[in-house]
Amino acid sequence: MKIEELIKDKNIKLTTARVKLLEILKEADRPLCYEEIKNDISMDKATFYRNISKFEEEDILNAFESNDKKRYFEVKLNPHAHFVCVKCNSVECIKNIDITLPHYEINNVIINGTCPSCLTSV
């Protein structure tokens, strides 16, 4: 689905900045935090978080906080797990794990551990 359609379907005012923000998140291969996006968008931090909050309310984004106390965001496409390294705080999408629970709807799973890079640097 195109970003413009996604925004219009949720009756959110369509702005260039909102489209750009969602495009960045949609094209990323993993969830991103504000610090990773701020140089690519033309909005201040408060506006960024107001838009993020609106997108979360409208069920467009997944968000979670990692070990480094940063919030990471991604466009909801397919539910999947995330791996967060407890040493370097890297975040990765894990798409080949199927976690299902009868009578539950799972939106997000966070797995904490040590990534291969940190394991080999010990």
Residues whose modelled amide H sits under 5 Å from the amide H of Val86, counting only those 5 or more places away in sequence or on another chain, are Gly113, Thr114, Cys115
Mean separation of Cα contacts under 8 Å (at least 6 apart) over the residue count of the stretch 44-101, i.e. the relative contact order in percent, is 21 percent
Residue separation between Ile110 and Lys87 times 0.36 nm, minus their alpha-carbon distance, gives in nm 6.8 nm
Scoring the chain by relative contact order with C-alpha pairs under 8 Å, at least six apart, yields a percentage of 20 percent
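For Leu77 and Glu57, compute 0.36 nm times the residue count separating them, minus their Cα-Cα distance, and round to one decimal in nm. Please list the in-between numbers first.
Numbers: separation 20, 0.36 × 20 = 7.20 nm, distance 1.57 nm.
Once the chain is fully extended between Leu77 and Glu57, it gains 5.6 nm.
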Sequence order, the stretch 91-98: Karplus ³J(HN,Hα) from phi using 6.51 cos²θ - 1.76 cosθ + 1.60, θ = phi - 60°, Hz rounded, Gly and Pro as x, gives 10, 9, 8, 10, 9, 9, 10, 9
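Classify the stretch 17-77 as rounded, prolate or oblate, taking a ≥ b ≥ c as the square roots of the eigenvalues of its Cα gyration tensor: rounded when a/c is under 1.5, otherwise prolate if a/b is larger than b/c and oblate if not.
Working: a/c = 1.22, a/b = 1.08, b/c = 1.13.
Judged from the Cα gyration tensor, the stretch 17-77 comes out rounded (a/c under 1.5).
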quick note, the chain, DSSP beta bridge pairs, % antiparallel (nearest 5) is 65 percent
Ranking Tyr34, Tyr104 from most to least accessible area with a 1.4 Å probe gives Tyr104, Tyr34
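What's the FRET efficiency of Asp40 with His103 using the Cβ-Cβ distance as r and R₀ = 35 Å, to the nearest 0.05? Intermediate results must be reported in sequence, preceding the final value.
Details: r = 41 Å, r/R0 = 1.16.
Once rounded, the FRET efficiency stands at 0.30.
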With Cα coordinates, the longest principal axis of the chain makes an angle with the long axis of helix 45-57, in degrees rounded to 10, of 90 degrees
Ranking Arg71, Arg50 from most to least accessible area with a 1.4 Å probe gives Arg50, Arg71
With all protein chains in place and a 1.4 Å probe, Lys38 shows an accessible area in Å² (nearest 10) of 90 Å²
Surrounding charge for Asn62, neighbours by C-beta under 11 angstrom, Lys/Arg +1, Asp/Glu -1, total -1
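What net charge is computed for the residues neighbouring Lys76, neighbours being all others with C-beta under 11 Å from the C-beta of Lys76, Lys and Arg scored +1, Asp and Glu -1? Before the final figure, lay out each step's value.
Working: positive: Lys26; negative: Glu56, Glu58, Asp59, Glu74.
Here the charged neighbours net out to -3.
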Per the rule of 0.36 nm per residue minus the C-alpha distance, extending Arg50 to Cys118 adds in nm 21.0 nm
For the chain, longest principal axis from Cα atoms; helix 16-27 axis from its Cα atoms; angle between them, nearest 10 degrees, is 30 degrees
Excluding ligands, DNA and RNA, the carbon-plus-sulfur percentage of the accessible area of the stretch 7-98 with a 1.4 Å probe reads 43 percent
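Counting each DSSP H run of 4 or more residues in the chain as -39500 (n - 2.57), what helix-only mean residue ellipticity at 222 nm follows after dividing by all residues, to the nearest 500 deg cm²/dmol?
Numbers: 5 runs with 41 residues, N = 122.
So the calculated ellipticity at 222 nm is -9000 deg cm²/dmol.
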In vacuo Debye sum over C-alpha of the chain, base-10 log of normalised intensity I(q)/I(0) at q = 0.15 Å⁻¹, listed in q order, is -0.74
Counting only protein heavy atoms and rolling a 1.4 Å probe, one gets per residue an accessible area for the chain in Å² of 63 Å²
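The values are calculated or read from the model by the stated rules, or taken from the named source; none is laboratory data. Fair warning: this is a prediction, and the values are worked out from it, not measured in the lab. All Cβ positions, even for glycine, are placed from backbone atoms using ideal geometry, and neighbour counts span all protein chains on display. Just so you know, the surface numbers come from the protein's heavy atoms only, side chains and all, with ligands and any DNA or RNA stripped out. Shrake-Rupley method; radii C 1.70, N 1.55, O 1.52, S 1.80 Å.
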